[in-house]
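Chemist: My questions all concern the structure below.
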Amino acid sequence: MQPEALNCPNCGGAVASDKTRCEFCRSRLKTVGCVSCLGLMFLGSKFCGRCGAKAVAAEAVDRHNPGECPRCRLELHAVQIDSIEIRECTSCGGFWSGIDAFENLCASKEQQAAVLGFISDRTDRSISVAPVSYVPCPDCKELMNRSNFARSSGVVIDLCKKDGVCFDPDELPKIIEFITGGGMQRAREKERVSLDEERQTLRDQRRWQSAQDQRYGARSSRESETESPVRKFVNMFFD
C-alpha cells in the first residue's frame with residue numbers, strides 16, 4: 001500500500017505519510033488520526049487534509065483536587081481531549097478516567113481517535129511500568145479491583161466501581177485497539193451464548209426436579225431444603 005501525501009504542519013510541503021521528518025524544513029513528523037474521518041494527518045496540523053475537520057488539541061483543565069496517581073503518589077493533571085476529560089500522570093504516563101467519560105470513549109470512534117492522537121504525542125517519553133499491585137482510587141482512596149476489560153480483551157485494568165478506571169501507559173491504547181477491532185461485539189456475543197447455555201441448564205434442572213417430584217411425591221414439610229441441592233441451586237438463580 002502506497003503512503004499518501006500529507007502536508008507538513010510547519011512549512012506546508014507535501015510529505016509522504018510514512019516519513020518521520022519533513023524533506024523541506026526538516027521538522028520531525030508524526031501521523032495521527034483525524035477525529036472526524038479517521039484519515040491520517042501530521043501531528044500539529046490545524047485541519048485534516050482529507051475532510052477539512054479541525055484537529056483536536058488537548059488542553060489543560062482547571063480541576064479542583066484532581067487526586068494523586070495511584071502508582072507514583074504525585075498529583076494528576078486534568079486534560080480535555082475533544083469532549084473527553086481524563087487525568088494524566090506526567091511521571092509514569094498513566095491515566096485516570098471517570099466512569100461516564102470511559103463509557104463515552106468506548107462508544108465514540110471520534111473520541112477514540114482523539115485520545116490515541118493525544119497519547120501518541122507522549123510516546124517519546126521514558127516510561128517505566130510499575131509492578132502489578134492493588135492500588136487506591138484517586139477519588140475515594142479505597143483499593144480498586146483488577147479486572148480483565150470486557151472479560152476477553154487480555155487488558156487487566158484497575159477499576160473503582162464508584163468512581164472510574166486507572167490505566168497504565170500502554171493499557172488505554174490497547175483497549176481502544178480492542179474496541180476498534182470488533183472486540184466488544186465478540187465479547188457481547190460470547191456473553192449472550194454463555195447466558196443462553198446457563199438458561200438451558202436451569203430449564204433442564206427444573207424439568208428433572210419436576211419429574212422427580214411427580215415420581216416420588218411431594219416432600220414432607222419436615223424435610224429441609226438442604227436435602228435438595230439441585231433445588232437449592234436452581235432457586236439461587238431466581239431469588
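The values are calculated or read from the model by the stated rules, or taken from the named source; none is laboratory data. Everything numeric here is computed off the predicted structure, so don't read it as measured data. Here the Cβ is made from the backbone with ideal geometry for all residues, glycine too, and neighbour counts use every protein chain on show.
Chemist: Just checking, does region 7-17 include any residue being without any contact (Cβ under 8 Å) to a residue 40 or more places away in the chain and either assigned by TED's automatic domain parsing to the domain that holds Lys161 or of a type in the set (Lys, Arg) (or both)?
Modeler: There is no residue in region 7-17 that is without any contact (Cβ under 8 Å) to a residue 40 or more places away in the chain and either assigned by TED's automatic domain parsing to the domain that holds Lys161 or of a type in the set (Lys, Arg) (or both).
Chemist: Select from region 192-216 the residues that are over 37 Å from the mean Cα position of the chain (by Cα) and either at pLDDT below 65 or within 30 Å of Ala150 (Cα to Cα) (or both) and list them in ascending order.
Modeler: Asp204, Gln205
Chemist: Just to be sure I understand the filter: pairs with C-beta atoms under 9 Å, separated by 6 or more residues or on different chains, first member in region 78-89 and in the same structural domain as Cys166 (by TED's automatic domain parsing), second member in a strand (DSSP E or B) and hydroxyl-bearing (Ser, Thr, Tyr). Which pairs pass?
Modeler: Ile84/Ser97; Glu85/Ser97; Ile86/Ser97; Arg87/Ser97
Chemist: Check every one of the strands (runs of 3 or more DSSP E) wholly within region 1-42 and list those with 1 or more residues that are exposed (fewer than 13 other Cβ atoms within 10 Å of the Cβ).
Modeler: 5-7, 14-16
Chemist: Taking only region 135-155 into account, find how many residues are outside any loop (DSSP other than H, G, I, E, B) and touching a residue at least 12 places away in the same chain (Cβ under 8 Å).
Modeler: Counting residues in region 135-155 that are outside any loop (DSSP other than H, G, I, E, B) and touching a residue at least 12 places away in the same chain (Cβ under 8 Å) gives 7.
Chemist: For the list (1) buried (at least 18 other Cβ atoms within 10 Å of the Cβ); (2) under 17 Å from Gln112 (Cα atoms); (3) acidic (Asp, Glu), I need the number of the one condition that Asp163 fails.
Modeler: (2)
Chemist: In this structure, does Ser221 turn out to be modelled with pLDDT under 90 and not in a helix (DSSP H, G or I)?
Modeler: yes
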